[in-house]
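Comments concern the structure below.
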Amino acid sequence: MKRWLRTVPALALIGLVSLILACGSDSDSTPVPQATASSQIAATLGSATPSAGVGGVFRRLWNEPPTLDPHQVGDVDSAGVLVEIFSGLVTLSTDLQVEPDLAERWEVSDDGLVYTFFLRSNAKFHDGKPVTAEDVRYSLERALDPDTYSPQVETYLDDIVGAAEKLKGTAQEISGLRVINDLTIEITIDAPKAYFLAKLTYPTAFVVDRENIEKEGDDWTRKPNGTGPFILASYKIGQEIILERNPHFYRGPALLDRVELILSGGSAMAMYENGEIDITGVGLADLDRVSNPQEALNRELVVAPPGFSLSYIGFNVEQAPFDDPKFRQALALSINKTLIADQVLANLVVPATGILPPDFPGYDPIVQGPSYDAERAVSLLAESAYANNVPRIIITVPGTGGSVGLDLEVILEMWRTTLGIDVEIQQVEWATFLQDLNDKRLQAFAGLGWQADYPDPQDFLDILFHSESRLNHSAYANSTVDRLLEQARVAAEWEDRKALYNQAEQLILDDVPWIPLWFSGENVILLKPYVQGYKVTPLIVPKLKYVWISEG
């Protein structure tokens, strides 16, 4: 969740993938567009049945979250904590279905524009105070207040009528919100959109307590009065985050007593083997050892389904030489991804042929970008405007020194040997990198990826490539792509939407504003045998409430 994932050097990334896992109807759940029928959405680890009095402590390594304000979240480290402390009207289940959360049900008007949410009568904040429709209204108003400086609110709440005016500061209230009574709120959107409910599962739409914020001021996230299954009991920067079970959780208390997220770093494998943490990813250096059936750790090895994420190289198509499509295509055609995946990355990632990951809703294997063809790459370079005069090229990556990733180094060497193009690497601190990325100051960029927040193609294609999207960091503009994406937003039938997204994706791939590199492979994990009910999911969803520690 976010979206933006910092990708560490490729060999290290392999071992960390699993850790990154930690984005009308009045029925109990709303199906989202499904992937292939055979795809396994989530793996539940541990097969015991919880008994009375279960609990225990679940421990794992975690990265320092940049924020614990749900309305300011824009990264996976923060989101993985926030989905356990806060909640919204709806949520994603572990099998990626939109289901009721604070709202027990909802109704949608015949024209698909008005959503009426009916709150649970037993929904409470951590301090036991009831959650009301006014709390929902306040939270959405706060998220869209320009003083909140939410980095994602325009992406996730812009469908609500009046949201743009509120965000610009030209309106005091969001005209599309109407509180009917204490337990009923109405939200009007600008067009019928099949993915609107799914967008409300992102933390930007989570409910916060106005009294909590006004009383604690800027430090309110140190003592947040959330509504989720866990309470923030302690947060020591650089050391640990402690979550404790919320006894007032309206969907039934979590099974665990406590969750300990260790922020101080260390060798994950060593800590796991020493019994200091209960779960870890497996790095390339340890893969052969733990894969050996004679090794004791082999009994704790789990291979889980891939996540819905993509790493890539992006180009600013308004800057030379990337303003020439043939030049971009030449670069894409000269990368032998299959060779890199096999000989450099031990086949622990999947070469990305498109933008939508395999098994993601809307994925079609027929839709593919340029594949390795060195001869064609040389020919296209010769046809480009920069055949005889390639300007200086700088690819910017997040970081402050050290390796930029062996896969990227190999790619640069392929460009040099195949096309005679030399490329420089520039490393900048993460916050600066994101700012420059958002301001479209970078000529080219790598070292990051995109992880889906909800299972809909709009979350990749529209958000990243529509010409008016502020997250279109490549400054890519194709009027046909825009038209297809806009038609897909309001198409009523899933098959029609899928066809439109497939057409748009193919055009984007042909234009090469990005070079998709890798989809995540299967997640190789070590999990202590006493951990039960842990669910490995391809998206970040609330799931720690299902976990418990067995006595055996």
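The values are calculated or read from the model by the stated rules, or taken from the named source; none is laboratory data. Just so it is clear, the structure is predicted and the values come from calculations on it, not from any experiment. Positions of Cβ are backbone-derived with ideal geometry, glycine not excepted, and every protein chain shown enters the neighbour counts.
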Q. Residues of segment 240-283 being surrounded by 17 or more Cβ atoms within 10 Å (Cβ to Cβ) and over 24 Å from Tyr546 (Cβ atoms), which ones?
A. Met269, Gly283
Q. Among the residues of segment 207-234, which ones are assigned to a helix (DSSP H, G or I) and among the acidic types (Asp, Glu)?
A. Glu211, Glu214, Glu216, Asp218, Asp219
Q. Scanning for something at pLDDT below 95, buried (at least 16 other Cβ atoms within 10 Å of the Cβ) and part of a strand (DSSP E or B), does segment 329-350 turn up at least one residue?
A. yes
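Among what's in segment 146-161 and is surrounded by fewer than 17 Cβ atoms within 10 Å (Cβ to Cβ) and not in a helix (DSSP H, G or I), pick the residue that is modelled with the highest pLDDT.
Initial filter on segment 146-161 (surrounded by fewer than 17 Cβ atoms within 10 Å (Cβ to Cβ)): 146-149, 154, 158.
With the extra rule that they be not in a helix (DSSP H, G or I), the set shrinks to 149, 158.
Values: Tyr149: 88, Asp158: 93.
Out of the qualifying residues, it is Asp158.
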(Q) So, Leu381, is that one buried (at least 23 other Cβ atoms within 10 Å of the Cβ), farther than 23 Å from Ser520 by Cα and touching a helix residue (DSSP H, G or I) at 6+ places or on another chain (Cβ under 8 Å) or not? (A) yes
Q: Please identify the pairs in which a residue from segment 418-441 that is on the phi > 0 side of the Ramachandran plot has its Cβ atom under 8 Å from the Cβ atom of a residue that is polar (S, T, N, Q), counting only partners at least 6 apart or on another chain.
A: Lys440/Asn316
Q: Answer yes or no as to whether Pro192 is buried (at least 17 other Cβ atoms within 10 Å of the Cβ), over 23 Å from Leu119 (Cβ atoms) and modelled with pLDDT of 95 or more.
A: yes
Q: Within segment 394-408, track down each residue that is surrounded by fewer than 20 Cβ atoms within 10 Å (Cβ to Cβ) and either modelled with pLDDT of 95 or more or aliphatic (A, V, I, L, M) (or both).
A: Ile394, Leu406
Q. Picking from Val390, Val410, which residue would you name as being more than 21 Å from Leu437 (Cα to Cα), in a loop (DSSP other than H, G, I, E, B), of a type outside the set (Asp, Glu) and out of contact with any His (no Cβ under 6 Å at 6 or more places or on another chain)?
A. Val390
Q.
Pairs needed: first member in segment 104-116, assigned by TED's automatic domain parsing to the domain that holds Ala133; second member anywhere, surrounded by fewer than 13 Cβ atoms within 10 Å (Cβ to Cβ) and assigned to a strand (DSSP E or B); C-beta distance under 8 Å; at least 6 residues apart or different chains.
A. Thr116/Ile180
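Could you tell me whether Ala205 is crowded, with 16+ Cβ neighbours inside 10 Å and either outside the structural domain of Glu107 (by TED's automatic domain parsing) or closer than 17 Å to Val73 by Cα (or both)? Before the answer, list the steps.
Values: crowded, with 16+ Cβ neighbours inside 10 Å: yes; either outside the structural domain of Glu107 (by TED's automatic domain parsing) or closer than 17 Å to Val73 by Cα (or both): yes.
Spelling it out, Ala205 is indeed crowded, with 16+ Cβ neighbours inside 10 Å and either outside the structural domain of Glu107 (by TED's automatic domain parsing) or closer than 17 Å to Val73 by Cα (or both).
Find the strands (runs of 3 or more DSSP E) located wholly in segment 66-136 whose residues include 2 or more that are within 14 Å of Thr184 (Cα to Cα) and touching a Pro at 6+ places or on another chain (Cβ under 8 Å), and list them.
Numbers: elements: 90-92, 98-100, 103-108, 114-119.
Passing ranges: none, list empty.
Taking Thr353 as the residue in question, decide whether it is out of contact with any helix residue (DSSP H, G or I) (no Cβ under 8 Å at 6 or more places or on another chain) and part of a helix (DSSP H, G or I). Break it down stepwise before answering.
On the way: out of contact with any helix residue (DSSP H, G or I) (no Cβ under 8 Å at 6 or more places or on another chain): yes; part of a helix (DSSP H, G or I): no.
Criteria not met by Thr353.
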Q.
With the structure loaded, tell me whether Val349 is closer than 27 Å to Pro457 by Cβ and of a type outside the set (Asp, Glu) or whether it fails that test.
A. yes
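If only one of Val303, Val317 is over 20 Å from Leu507 (Cα atoms), under 25 Å from the mean Cα position of the chain (by Cα) and not in a helix (DSSP H, G or I), which one is it?
Working: Val317 fails: over 20 Å from Leu507 (Cα atoms).
Result of the check over Val303, Val317: Val303.
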**Q.** Subset of segment 489-519 (residues that are more than 30 Å from Gly447 (Cβ to Cβ), of a type in the set (Gly, Ala, Ser) and touching a Leu at 6+ places or on another chain (Cβ under 8 Å))
**A.** Ala491
Q | Ile279 being closer than 20 Å to Ser78 by Cα, outside the structural domain of Ser474 (by TED's automatic domain parsing) and touching a Lys or Arg at 6+ places or on another chain (Cβ under 7 Å) | A | yes
(Q) Exactly one condition in (1) assigned by TED's automatic domain parsing to the domain that holds Trp415; (2) surrounded by fewer than 15 Cβ atoms within 10 Å (Cβ to Cβ) is false for Asn298; which is it? (A) (1)
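Residues that are more than 15 Å from Gly354 (Cα to Cα) and under 23 Å from the mean Cα position of the chain (by Cα): find the strands (runs of 3 or more DSSP E) completely inside segment 446-552 holding 2 or more of those. Talk me through it step by step, then tell me what you get.
Details: elements: 514-520, 523-527, 534-536.
Filter on segment 446-552 gives 523-527, 534-536.
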Q. What number goes with the only condition from (1) buried (at least 22 other Cβ atoms within 10 Å of the Cβ); (2) of a type in the set (Val, Ile, Thr); (3) at pLDDT 95 or above that Thr184 does not pass?
A. (1)
